[in-house]
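Chemist: Handing you a structure now.
The values are calculated or read from the model by the stated rules, or taken from the named source; none is laboratory data. Computed from a predicted model, the values in this text were never measured in an experiment. Every residue, glycine among them, receives a Cβ derived from its backbone with ideal geometry; neighbour counts consider all protein chains shown.
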Amino acid sequence: MLISGNGSNLQALIDAVEAGRLDGAICAVISNRAEAPGLQRARDHGIPAQVLDHREFASRERFDAALLEAIEHYRPDLVILAGFMRILSDHFVNHFSGRLINIHPSLLPRHKGLNTHQRVLDAGDHEHGCSVHFVSCELDSGAVIGQARVPVCADDDATTLAAKVQRQEHRLYPACVQLLCTGQVRLTDRGVTYQGQLLPPTGLDLTDSH
Ligand code: GAR
């Protein structure tokens, strides 16, 4: 898994593995920031955690080449971005095509990029949420696996919305990863399939109503 910060989504995946809800193991965590709290979360659970500081590389391509090599050392079936705040070069994305996934705090294709919670409020949206998607070369534009929705209420601000969305993220990401681990979801030439059926562009609706 690749992180840059808090690692609450990493924690949700660790918890899912430890609770037997995920048919997989997290073989390593790599952060581009040494101060990322998620590194300690990994170490607390016996997962190898490594820092690869992008500032030590002369170019994006060189950093991505070193990152690719560090990842391939573990021969993972999936490469999971969880709050990894770096744009990845085409070579990296193409190398891991079909097994590189990301979680984004909006209902894609709405609100690609940063500051999604404030932008939802500014746009007057009544609904917000999060998306898990395969990563493609265009930012936040890869095929969507699943989404979870939250209502936007009159008294919401960016902070309350972020908290609501993160609660959904912590269920959505393990659920999507499990569908990949069990081979029920795949990226094909036609788009994302679930149990062999082509999904709509918004993927599976995995909203938790509890
Ligand atoms: C998550 O909310 C994730 O959706 C977002 O960063 C947060 C990381 O939180 N990702 C992006 O904005 C990617 N463009 P975490 O470190 O606590 O998992």
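Chemist: Filter the stretch 113-140 down to the residues that are in contact with a Leu (Cβ under 8 Å, 6 or more places away or on another chain), surrounded by 15 or more Cβ atoms within 10 Å (Cβ to Cβ) and of a type outside the set (A, V, I, L, M, F, W, C), then identify the one that is farthest from Leu187 (Cα to Cα).
Modeler: Filtering the stretch 113-140 for residues that are in contact with a Leu (Cβ under 8 Å, 6 or more places away or on another chain), surrounded by 15 or more Cβ atoms within 10 Å (Cβ to Cβ) and of a type outside the set (A, V, I, L, M, F, W, C), the one farthest from Leu187 (Cα to Cα) comes out as His117.
Chemist: Hey, can you tell me all the residues within the stretch 35-83 that are within 16 Å of the ligand (Cβ to nearest atom) and of a type in the set (Lys, Arg)?
Modeler: Arg41, Arg43
Chemist: Being charged (D, E, K, R) and assigned to a strand (DSSP E or B) is the filter; apply it to the stretch 178-210 and report the residue that is nearest to Ser131 (Cα to Cα).
Modeler: Asp205
Chemist: Restricting attention to helices (runs of 4 or more DSSP H) lying wholly within the stretch 16-133, give those where 1 or more residues are touching a residue at least 24 places away in the same chain (Cβ under 8 Å) and more than 18 Å from the chain's Cα centre (by Cα).
Modeler: By residue number, 60-72, 90-95, 116-123.
Chemist: Taking Gly20, is it within 16 Å of the ligand (Cβ to nearest atom) and on the phi > 0 side of the Ramachandran plot?
Modeler: No, not satisfied.
Chemist: Of these, Ala175, Ala162, which one is outside any loop (DSSP other than H, G, I, E, B), within 11 Å of the ligand (Cβ to nearest atom), without any contact (Cβ under 8 Å) to a residue 60 or more places away in the chain and closer than 16 Å to Ala82 by Cβ?
Modeler: Ala162
Chemist: Mind checking which residues of the stretch 53-71 are in contact with a Ser or Thr (Cβ under 9 Å, 6 or more places away or on another chain) and under 19 Å from Ser97 (Cβ atoms)?
Modeler: Selection gives Arg60, Glu61, Asp64, Ala65.
Chemist: Hey, any hits in the stretch 127-144 for a residue that's within 12 Å of the ligand (Cβ to nearest atom) and in contact with a Cys (Cβ under 7 Å, 6 or more places away or on another chain)?
Modeler: Looking through the stretch 127-144, at least one residue is within 12 Å of the ligand (Cβ to nearest atom) and in contact with a Cys (Cβ under 7 Å, 6 or more places away or on another chain).
Chemist: Suppose we keep only residues that are of a type in the set (A, V, I, L, M) and closer than 15 Å to Ser8 by Cβ within the stretch 30-46. Which one would you say is surrounded by the fewest Cβ atoms within 10 Å (Cβ to Cβ)?
Modeler: Out of the qualifying residues, it is Leu39.
Chemist: Looking at this structure, is Val185 in contact with a helix residue (DSSP H, G or I) (Cβ under 6 Å, 6 or more places away or on another chain) and either hydrophobic (A, V, I, L, M, F, W, C) or at pLDDT below 95 (or both)?
Modeler: On the way: in contact with a helix residue (DSSP H, G or I) (Cβ under 6 Å, 6 or more places away or on another chain): yes; either hydrophobic (A, V, I, L, M, F, W, C) or at pLDDT below 95 (or both): yes.
So Val185 passes the test.
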